[in-house]
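The structure appears right after this line, and notes come after that.
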Amino acid sequence: MTTKKSTAISALYILIAAFIIAFFFPREGKFRYQFNEGKPWRYDLLTAPGDFPIYKEAAEIEAAKDSIRKKFEPYFRFNAEEENIKLENWRNRMPALQEAGVPYAILRYVDKSLYDVYKKGIISGSDFELMNRDSRTRITVLTNSVAEVKALTDFHSVKSAYEEIINSAPENINRDILKGCNINEYMTENIFYDPETSGKILEDLIQNIPLSSSMVQAGERIVDRGEVIDRHIYSVLRSLKTVHETKSGGTQRQNIILTGQFILIFGIMACFGLYMATFNPRIYFKRKNLFFILSCISVTCLLSEMCIKYSLFNLYLIPFAIIPIVIRTFFDSHTALFTHLITVLICSLTALFPFEFLLLQILTCIVVIFSLKELSQRSQLIRCSLFVFLSYTVFYLSLVVYQEGDFSKINWEMILYFCINFILLMFSYVLIYVLEKIFGYLSPITLVELSDMNSPLLKKLSETAPGTFQHTLQVSVLASKAGERVGADTQLLRTGTLYHDIGKMNNPAFFTENQKGFNPHEKLPFEQSAQIIISHVTDGIKAAEKAHLPKAIIDFIRTHHGRGKTKFFYNSFRNAYPDRPVNEEAFTYPGPDPFSKETAILMMADSVEAASRSLKDYTDESIGMLIDRIIDGQIEDGRMKNAPLTFKDIETVKNVFFERLKTMYHTRVSYPDLNVVTADPHHNAE
């Protein structure tokens, strides 16, 4: 029975999940129309709600930027400081060279040539390489705040300037003497590349590129129903969408949008909560289960929001079908279907074509639920992933053909997206294993694997305590059939039953089903015998924990006797020592009592099957009386007070036990012996 506190906590979980989803939702206003170039307009006449520009496409703007970059003339600055120092050094050296015998004509020629090359301009070799690499033919030179555009070929490098002085010398000048003047020592760059100024001016030019090509006037007709969207109309619609989604409204408008989104998403999540609280309260009011399901919804919604908001990848790459796969693995099909519907409904608010998105996701979810109706093998998950891929492909192709009536309109990239989706879905095998460990869940697949008779514990049980093993199998048959009739988890019940008596492996000879004529309890005090019998519960828990069995299976070991007593030794002690006080705990199992349908059914089946072996006659009356006595006694002792079983369920369980025990212990027909008659050799065979 749920309390106000658990209801409030569940509602708080839903409120938090709704807020997280809404907080990361795209804030821009949602454009009401979906459109594609070359397709008909599906809505009524659309006119401009106000003046707005027709924005250029990104490719056009990028082309304009590239054109500016190619035509841009980088900026260089003229700096004569080093030039003046070099010239002064040369002129200071001229007298020494003249005294050394260098003709004055040569000195005057060098002086004039240095002046000429400096006037023309010298650029460093690295700057020349940079301009050539960028295919620059012209540059802008800044001299005293005056900009002048010149061809790059008009300038010298240090090397070309030196070569020009040497090669341009008159014939009457001795070149060897000229080279001996070491002219290169008096040459340096005087024009330098200015990257800061170049970058700033280039950025200004790019920023001044017009983003729009023309304007649309308020009330101007844009497009009407059925009209094919051509290039121009598409540009107008795209611009209208951009204006609508980026229309500034400040913080106030953002808060209004957030409020609307939160109310809408919370409303959807509240519907989910009402459904779960009404039709599946066992899951809804258990915090771990609700947190798990809300996490599945929230993570998927956040991933789709980020995908749309930042244009990370195509929305159909997200494996939405993994939600019903995971939920169905741990819970039921109805919960899986409704959880998926809520998730894709929220995600459709951000999808480009919400109708098509919802149609594909809902149909695919139905395929998942159908293909995992009976989940018992991990290979079914791979098969389910393949069915999802085929469903996506078939439904998408059918939808395009229906809407367009033209096979050429099929976007074959979508099939690639579905293939990637299929690959991601196959990792559900690993994801389910991880979630089992994190949340402590137990999937039907794991239960089937644990119920394999070749598993280490069961194999050891069959070899160490064969009588107990046979008893376990009989109890499993009884419990599984009864569980099926009252709506219990039969696979969990079957698996838990197989492990409930593994503690008897430590002392198998002390249990009746394993004894062969000798009973070791005959020489022991009643209390000691009781403790040995009780220890099979604690020993079983230790063995299960050592084998890393899931908690749900260990619960069957803990509860299959509940807080009951070892009736045989307890009653024997009371009868033998009527005046002696009894230590009740010495004869009482540690418990706890069963708290689920499955563990309660195991307790009943275990006791009934064990007691049935002591019957002398297996008649309908004796079997029925035995079942009533055992189960009614457990109810009177309070063993079933925590189990969610109705009186009708218990009567159903009794009836199933009765039918199964009749079948197990049915009276066989005695076959008559053949009377041997002495043959008469004179008898006529005819």
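The values are calculated or read from the model by the stated rules, or taken from the named source; none is laboratory data. Since we're looking at a predicted model, the values are computed, not measured. For neighbour counting, all protein chains shown are included, and Cβ atoms are generated from backbone atoms with ideal geometry for every residue, glycine included. Heads up: the accessible areas ignore ligands, DNA and RNA and are worked out on the full protein's heavy atoms, side chains in. Shrake-Rupley method; radii C 1.70, N 1.55, O 1.52, S 1.80 Å.
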If one computes the Cα centroid of the range 625-648 and of the range 561-618, what distance in Å separates the two points? 13 Å
Any residue on another chain or 5+ positions along whose placed amide H is under 5 Å from the amide H of residue 52 is listed here as 216
Across the range 561-577, in residue order, what do the Karplus-derived ³J(HN,Hα) couplings come to in whole Hz, using 6.51 cos²θ - 1.76 cosθ + 1.60 with θ = phi - 60° and x for Gly and Pro? 10, x, 9, x, 10, 6, 4, 4, 6, 5, 5, 5, 5, 4, 6, 6, 10
Accessible area of residue 452, 1.4 Å probe, to the nearest 10 Å²? 70 Å²
Under the Karplus relation 6.51 cos²θ - 1.76 cosθ + 1.60, θ = phi - 60°, what is the ordered set of whole-Hz ³J(HN,Hα) values for the range 136-148, x standing for Gly and Pro? 8, 10, 9, 9, 10, 9, 9, 10, 6, 6, 10, 9, 9
So, relative contact order of the range 499-626 in percent, Cα under 8 Å, 6 or more apart, is 25 percent
Looking at the range 345-418, which chymotrypsin sites (Phe, Trp or Tyr not before Pro) are DSSP coil and have at most 10 other C-beta atoms within 10 Å of their C-beta? 412
For the chain, what does the accessible surface come to per residue with a 1.4 Å probe? Please give it in Å². 55 Å²
Leaving ligands, DNA and RNA out of it, report the carbon-plus-sulfur percent of the accessible area of the chain at a 1.4 Å probe. 57 percent
Ordered by residue, what ³J(HN,Hα) values in Hz, to whole numbers, does the range 458-466 give under the Karplus form 6.51 cos²θ - 1.76 cosθ + 1.60, where θ = phi - 60° and Gly and Pro are x? 5, 5, 5, 4, 5, 8, 7, 10, x
Any GluC sites (Glu not before Pro) in the range 154-196 that lie in a DSSP loop and have at most 11 other Cβ atoms within 10 Å would be 171
Rounded to the nearest 10 degrees, the helix 81-99 long axis (Cα) sits at an angle to the longest Cα principal axis of the chain of 50 degrees
Theoretical ellipticity at 222 nm over the chain - DSSP helices of four or more residues, -39500 (n - 2.57) apiece, nearest 500: -19500 deg cm²/dmol
So what is the relative contact order for the chain, in percent, with contacts set as C-alpha pairs under 8 Å and at least six apart? 12 percent
Can you tell me the length gained on complete extension of the stretch residue 613 to residue 108, counting 0.36 nm per residue apart and subtracting the Cα distance? 168.5 nm
What is the mean projected area of the alpha carbon convex hull for the range 1-116, to one decimal in square nanometres? 24.0 nm²
By a straight-distance test (C-alpha under 20 Å), which aspartates and glutamates pair with residue 71 as possible cross-link partners, with residues fewer than eight away in the same chain excluded? 60, 62, 127, 129, 134, 148, 154, 194, 196, 203, 204
Interchain or sequence-distant (5+) residues whose placed amide H lies within less than 5 Å of the amide H of residue 76 are 140, 141, 142, 194
If you bin the C-alpha pair distances of the chain every 20 Å from 0, what whole percents do you get? 13, 26, 20, 17, 13, 7, 3, 1, 0
Sparsely packed trypsin sites (Lys or Arg not before Pro) within the range 144-244, loop by DSSP, other Cβ within 10 Å at most 15: 225
Around residue 75, what is the net charge, scoring Lys/Arg as +1 and Asp/Glu as -1 over all other residues with Cβ under 13 Å from its Cβ? -2
Separation between Cα centres of the range 51-75 and the range 99-168, rounded to whole Å: 36 Å
What FRET efficiency, computed as 1/(1 + (r/R0)^6) with R0 = 22 Å and r the Cβ-Cβ distance, is obtained for residue 595 and residue 473, rounded to the nearest 0.05? 0.30
Between the range 371-446 and the range 500-558, the alpha-carbon center distance in angstrom: 46 Å
List the pairs from 459/546; 288/437; 288/309; 65/241; 5/437; 565/641 whose alpha-carbon separation is above 19 Å, in the order I gave them. 288/309; 65/241; 5/437
